[in-house]
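Below is one structure, written out as structure tokens; the observations come after it.
The values are calculated or read from the model by the stated rules, or taken from the named source; none is laboratory data. Keep in mind it's a predicted model, so treat the numbers as computed, not measured. So basically every Cβ, Gly included, is an ideal-geometry build from the backbone, and we count neighbours across all protein chains shown.
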Amino acid sequence: MDHLITLLNNSQNVFVATHAVPDGDAIGSLIAMSLVLVGRQKQVTLYNESPIPAVYRFLPLVHHVTAHLESVDIYDTAVILDCGDLPRIGDAASLVSRIPEVINIDHHITNTRFGTCQLIDVQACACTEILWRLFKKMGVEFTRDIATCIYTGILTDTGSFRFSNTSQTTFEICENMVACGVDPYQVAQCVYGTYSLGRIKLLNLALDSIEISENGKVSLMTMTCEMLAETGTQPEDADGLINYARRIQDVKMAVMIQEQLNGCAGRKNGYGQRHPYHVSLRSDGSVDVAAIAASFGGGGHRSAAGFSLESTLPEIKERILRIAESVA
Ligand code: 5GP
Ligand code: MN
């Protein structure tokens, strides 16, 4: 960690990025790191390839996040957050690997240890937990804004303190962040309390699509471009819907197959442009979904992982149902 702090202290022009199709932890990490660097008079570019989901637009600096990167020559340092591998940031990956120092801060078990400096803690419930520890060591003053980003990352990556990555430390950090001015009710209202009507209608279609494997251990949810068009929603509105499939009694693994918009609406999907499907996996902890995702070229955590692939819907379903047969 000392080497990383030296690199940050010596940096002048920093490229900060997180994974495409960002979640609360990715955005919380991106903004928290950027606030700290800006506070230390660094030049900072906040990068994300995808649009910031509406529910996270209450966070500071989100309007500074850009998806444009023409040249990397001006940067001496890159900080890549919440990414198991560099291509997760999207098209910019090949350019970013030319930046002299690439710092990789992450909590995914499948992290490839890319970059010139790594800070990886697979026990951390969120990338913002790692940042909290780093910032304490750096002597950062936790302003309300920084604390809100850290809290948002933890709240969303623990599924509101319900997932198995929730620990005593999780609550200790959150208590600390609330002491620094975070308003848990306000964050919860922004993140979970303000769904568009379209998103609720999309939930209806998603629930209707659920299929269960013969042995009852695997649930399958399908999300097509047509469903998004019908409800006037964006891919970000599908975030979290898989948890309904996971909650079903006796289900050990939930799968959501999501058709990618680049095939039908000309938008980047962020998981690899050429792949028409993204598959999300969730388990109750008894099935190692990171290993399953890795076998398809993806990655993630033991209970939450994903991959994208070039295939057809019936073929993906068949492959998943074949895996389902071996789920005990
Ligand atoms: P989700 O299914 O919500 O997109 O992702 C679940 C977890 O798996 C997240 O931690 C995410 O970073 C990881 N993940 C999802 N898709 C991919 C992928 O294509 N490659 C890798 N390495 N990780 C992924
Ligand atoms: Mn994360």
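Things to note:
Yes/no per residue for (1) under 25 Å from residue 182 (Cα atoms); (2) within 16 Å of ligand 2 (Cβ to nearest atom); (3) assigned by TED's automatic domain parsing to the domain that holds residue 280; (4) in contact with a helix residue (DSSP H, G or I) (Cβ under 6 Å, 6 or more places away or on another chain):
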{"position": "14", "(1), (2), (3), (4)": "no, no, no, yes"}
{"position": "49", "(1), (2), (3), (4)": "no, no, no, no"}
{"position": "56", "(1), (2), (3), (4)": "yes, yes, no, yes"}
{"position": "63", "(1), (2), (3), (4)": "yes, no, no, no"}
{"position": "73", "(1), (2), (3), (4)": "no, no, no, no"}
{"position": "96", "(1), (2), (3), (4)": "no, no, no, no"}
{"position": "101", "(1), (2), (3), (4)": "no, no, no, yes"}
{"position": "108", "(1), (2), (3), (4)": "no, yes, no, no"}
{"position": "112", "(1), (2), (3), (4)": "no, yes, no, no"}
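- Given (1) surrounded by 22 or more Cβ atoms within 10 Å (Cβ to Cβ); (2) in contact with a Gly (Cβ under 8 Å, 6 or more places away or on another chain), number of the condition residue 110 does not satisfy: (1)
- Elements of type strands (runs of 3 or more DSSP E) in the range 57-130, at least 3 residues being β-branched (Val, Ile, Thr): 77-81, 101-106
- Consider the range 16-46 and keep the residues that are away from ligand 1 (no atom under 16 Å from the Cβ) and part of a strand (DSSP E or B). The one that is farthest from residue 81 (Cα to Cα) is 43.
- Filtering the range 270-302 to residues that are near ligand 1 (Cβ under 9 Å from one of its atoms), closer than 25 Å to residue 123 by Cβ and surrounded by 21 or more Cβ atoms within 10 Å (Cβ to Cβ) leaves 280, 281, 282, 289, 290, 293, 298, 299, 300, 301.
- Selected residue (criterion: surrounded by the fewest Cβ atoms within 10 Å (Cβ to Cβ)) from residues of the range 118-157 that are more than 16 Å from ligand 1 (Cβ to nearest atom) and charged (D, E, K, R): 141
- Selection count where residues are at negative phi and more than 15 Å from the chain's Cα centre (by Cα), scope the range 294-308: 3
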